[in-house]
Amino acid sequence: MFLINANVLDDKFCLRKADIEIEDGKIVRLEDSLPYKEEDLVVDCAGYTIVPGFVDVHVHGGAGADSSDGDAEGLRNMAKFLLTKGVTSFCPTTMTVSDAEILKALETIRSCMDDKEGAKIVGVNLEGPFISPKKKGAQGDEFIQAPDYDVFKKYYDSCGGIIKLVDIAPECDVRGDFVEKASKLCTVSIAHTATDYDGAVDAFKKGVTHATHLYNAMSGLAHRAPGVVGAVFDNENVCGELICDGIHIHPAVVRTTFKLMPERVCVISDAMRLSGVEDGGQGMLGVNMVTVKDGKATLPDGTIAGSVTNLHAELKNLVSWGIPLETAVRAMTLTPAKEIGMENEIGSLAPGKRADLVVLDENLEIVAVYH
């Protein structure tokens, strides 16, 4: 198949006129102009923009389903919904629920990894249970536990090693060996933490290289107390997630973050099951009931509870806030792919990589998704 007459965001994240040849689900060639035969399938993109398929490494749910449900059919519906939003790869993200529920969720996710319909599951993001009760956010506190490598390894082995990210509040790691051991198996992220700048820096030295929903559920930036946020800014080896729905973080802060660390921003949705469901709905997030009103998901006490956004909506937000399209797309494609060690397969448009791509019109609306 050939996609011709397109404005392509290439693997250097530069927009240029180009044609793309696809065979057996892989990009074969990407050149200024490609010859093709009369019998070839040719799609004239009419000058539309082609970008890599979006990669959401932190998404709990959508279309009424949640990753922690342990429901294969629900997970498949979630994957199909995400694909309509340009997401071609994702990591179902678990909550702080019971040990049995986590194990069931992991087993279910693994069983769906070879599904052909919908966005492709490329791993798991284990957000709980190794977090701080002081910064639990919308996570339930009943099943929070101190970081325990043996427990993590049990989860990791139970699903065949598909966990790509695990969260930790480093100050709760009493034994002090979790990061060093777990970082040999997957990316370790600082999250839901009450630690300060020094505690975060120490965690980074041990092997933490990722920060979950930067600014949210962590100590903020002040000029005499830089906090976890300041530690992320100060460490070039750490990538920070941003939820760009206009609710979790002010657009001015989003712009500033991109200026400080443009290639270390990983845009995520952190979406829960009510994403894609009519406003005003209710549903469970872990052990908590969540209500959505005016696009904002909250617990009964008003605590923000994940989001109901998606990467496509966030892309449009970012561009409207003044972030260049090329920069915004990188933050939801190549950067997250690198964070889960899959940048050689997904995250950019180059020969040999998966032909996961999104066709956008002049208003950034989705025309087509290939995967």
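Here, each number is a calculation from the coordinates, and none is a lab measurement. These figures come from a predicted structure and were not determined experimentally. For neighbour counting, all protein chains shown are included, and Cβ atoms are generated from backbone atoms with ideal geometry for every residue, glycine included.
Kirkwood radius for the range 292-371, taken over all pairs of different Cα atoms as the inverse mean of 1/r, rounds to 14.6 Å. Using R0 = 35 Å, the C-beta based FRET efficiency linking ARG255 and SER98 works out to 0.30. Note on the chain: GNM, Cα springs under 10 Å; of LEU242, LEU221, LEU83, the largest mean-square fluctuation is that of LEU221.
Annotation: the residues ILE247, ILE50, sorted from fewest to most other C-beta atoms within 10 Å of their own C-beta, follow the order ILE247, ILE50. With distances taken between every two different alpha-carbon atoms, the chain has a Kirkwood hydrodynamic radius of 20.7 Å.
Between SER33, SER348, SER189, which gets the highest mean-square fluctuation from a Gaussian network model of the chain, Cα cutoff 10 Å? Most flexible of the set in this elastic network: SER33.
Scattering from the C-alpha atoms of the range 104-152 alone, worked out with Debye: what is log10 I(q)/I(0) at q = 0.13, 0.18, 0.21 1/Å? Calculated log10 I(q)/I(0) at the listed q: -0.44, -0.71, -0.83.
How much length, in nm to one decimal, is gained on full extension between ASP177 and ALA368, taken as 0.36 nm per residue of separation minus their Cα-Cα distance? It would help to have the intermediate numbers written out before the result.
On the way: separation 191, 0.36 × 191 = 68.76 nm, distance 4.64 nm.
Answer, rounded to one decimal: 64.1 nm.
Here MET272, MET1 are placed in order of increasing Cβ neighbour count within 10 Å, fewest first, which gives MET1, MET272. Extents of the range 237-371, largest first, come to 48, 33, 32 Å (Cα atoms, principal axes, whole angstrom).
Cα centroid separation, the range 303-371 to the range 284-300: 26 Å. Per residue of the chain, the DSSP helices (runs of n ≥ 4 H) give a summed -39500 (n - 2.57) that works out to -7000 deg cm²/dmol at 222 nm.
Local charge sum around GLU263 (other residues, Cβ-Cβ under 13 Å, Lys/Arg +1, Asp/Glu -1)?
Details: positive: LYS12, LYS259, ARG264, ARG330, LYS338; negative: GLU236, GLU326, GLU339, GLU343.
Every neighbour counted, the sum reads +1.
Distance from the alpha carbon centroid of the range 104-136 to that of the range 1-44 works out to 33 angstrom. Percent of Cα pairs in the range 36-115 per distance bin of 10 Å, from zero to the largest separation: 17, 41, 19, 14, 7, 2.
Could you work out which residue, out of LEU82, LEU165, LEU185, moves most in a Gaussian network model of the chain, that is, has the largest mean-square fluctuation with Cα springs under 10 Å? For the chain, modelled as a Gaussian network with Cα springs under 10 Å, the answer is LEU185.
Computed over the range 109-231, the alpha-carbon pair-distance distribution with 10 angstrom bins reads 14, 43, 31, 11, 2, 0, each value a whole percent.
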